[in-house]
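S.K.: Structure below; questions to follow.
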Amino acid sequence: MRDRKRRYGRKKVCMFCADKNIVIDYKNPSILKGFTTDRGKIVPSRISGNCAKHQRSLTLAIKRARMVALMPFTVID
Amino acid sequence: MTLSRSYQDEIGSEREYELIVILKPDSTKENIQVLTKRLLEMVDKNSGKVLNIENWGRRNLAYEIAKSKKGIYLYFRLLGYYELIPEVERLLRMIEKVVRYQTILVDENVDPTARPDQVDEAMLDAISEIHTAVYNEETDENSEKNSDDDNDFEDEEEADFEEDEDKE
């Protein structure tokens, strides 16, 4: 079982650690949108590969952007 | 008022805040002028400073607020002690055209002399002009770029679920 699990996927790298120039800012929802699902949910770091530090600031930024209606809470078809 | 009001703050330092105000889409130029004037007075009274004002124009909201899908965004950068914020927010609640506001602490322990005051008459004139959504086009472009990443996540998510099933 363990062996099979290891075969899955390559190692994910935190996008914000890889590129230090990207600033996580709630006023710039275009970056944040890449880390939400089509439904508007925040993508967990286990899937996006973000490190804990950047995931924390990312969720905070997304929640702030939601409050000022720059990003949706939910997307209903 | 050089006294520091909180144990967190260094003596002689102030805090920098970001304030976003959303107005009803039918707000006029005068509404904005009145709002900024009253806000400037309020900040002045509390010995704070307005560092910058921006008008982001009439933009589409991500969801409906006050039965409207559009809103006019105003962005302020303030410098002052923490007592300033409840006063400003009380003022905003009293103005009918304001549908939403959000204040965010950007920086603590800022030396007030290090941040120049950039607001003048010309700027106040400029921000009361209401433009219609220049920003939205920009974000659309970027979201297309990011859509590939999105798909990546979805695939991997499915892979994870498959694993879980196998375990059982």
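S.K.: For a quick check: sort A:THR37, B:THR36, B:THR103 by the number of other beta carbons within 10 angstrom, fewest at the front.
M.R.: Sorted ascending by nearby Cβ count, the order is A:THR37, B:THR103, B:THR36.
S.K.: Go through B:ILE20, B:ALA66, B:ALA114 and say which Cα lies farthest out towards the positive end of the charge dipole of segment B:14-132; charges sit on Cβ, +1 for Lys and Arg, -1 for Asp and Glu.
M.R.: Value computed over the given set: B:ALA66.
S.K.: Residues with beta-carbon under 11 Å from that of A:LEU32, excluding A:LEU32: net charge, scoring Lys, Arg +1 and Asp, Glu -1?
M.R.: Here the count lands on +4.
S.K.: What FRET efficiency do you get for B:ASP111 and B:GLU64 if R0 is 41 Å and r is their Cβ-Cβ distance, rounded to the nearest 0.05?
M.R.: Result of the calculation: an efficiency of 0.45.
S.K.: Averaged over B:62-69, how many beta carbons belonging to a partner chain fall within 10 Å of each residue's beta carbon?
M.R.: The per-residue average across the peptide is 3.
S.K.: Shifting gears a bit: For B:ILE11 and A:LYS63, what does the FRET efficiency come to when R0 = 35 Å and r is the distance between their Cβ atoms, rounded to the nearest 0.05?
M.R.: 0.60
S.K.: Considering only lysines 8 or more places apart in sequence, or on different chains, count the pairs in chain A whose C-alpha atoms sit under 29 Å apart.
M.R.: Final tally of qualifying lysine pairs is 26.
S.K.: While we're on this one: Going 7 Å from the Cα of B:THR28 in the Cα-to-Cβ direction, what parts of segment B:73-113 have a backbone nitrogen less than 17 Å from that spot?
M.R.: B:96-98
S.K.: I would also like to ask the following. In terms of the ratio Rg/(2.2 N^0.38 Å) built on C-alpha atoms, what value belongs to chain A?
M.R.: 1.24
S.K.: Another one. Test of understanding: extend the Cα→C-beta vector of B:GLU121 to 7 Å, then name every residue of segment B:32-46 with backbone N under 12 Å from that spot.
M.R.: none
S.K.: Turning to a different aspect of this structure: I'd like the mean, over residues of A:63-72, of how many other protein chain beta carbons sit within 10 Å of each residue's own Cβ.
M.R.: So the per-residue partner count for this stretch is 6.
S.K.: Taking amide hydrogens as modeled 1.01 Å from N in the peptide plane, which residues meet the under 5 Å criterion relative to B:ASN52, leaving out close sequence neighbours?
M.R.: Close amide H contacts, sequence-distant or interchain: B:ARG77.
S.K.: Return the distance in nm (one decimal) between the two label points of a simple spin-label model at A:ARG10 and B:TYR82, each offset 7 Å from Cα along Cα→Cβ.
M.R.: Calculated label separation equals 4.7 nm.
S.K.: Across all directions of projection, what mean area in square nanometres is found for the Cα convex hull of segment B:14-132?
M.R.: The Cα convex hull of segment B:14-132, projected and averaged over all directions, gives 7.0 nm².
S.K.: I would also like to ask the following. Classify segment A:32-77: rounded, prolate or oblate, from the alpha-carbon gyration tensor (a ≥ b ≥ c, eigenvalue square roots; a/c under 1.5 rounded; otherwise prolate if a/b is larger than b/c)?
M.R.: Oblate.
Here, each number is a calculation from the coordinates, and none is a lab measurement. Since the model is a prediction, treat every value here as computed from it, not as a measurement. So basically every Cβ, Gly included, is an ideal-geometry build from the backbone, and we count neighbours across all protein chains shown.
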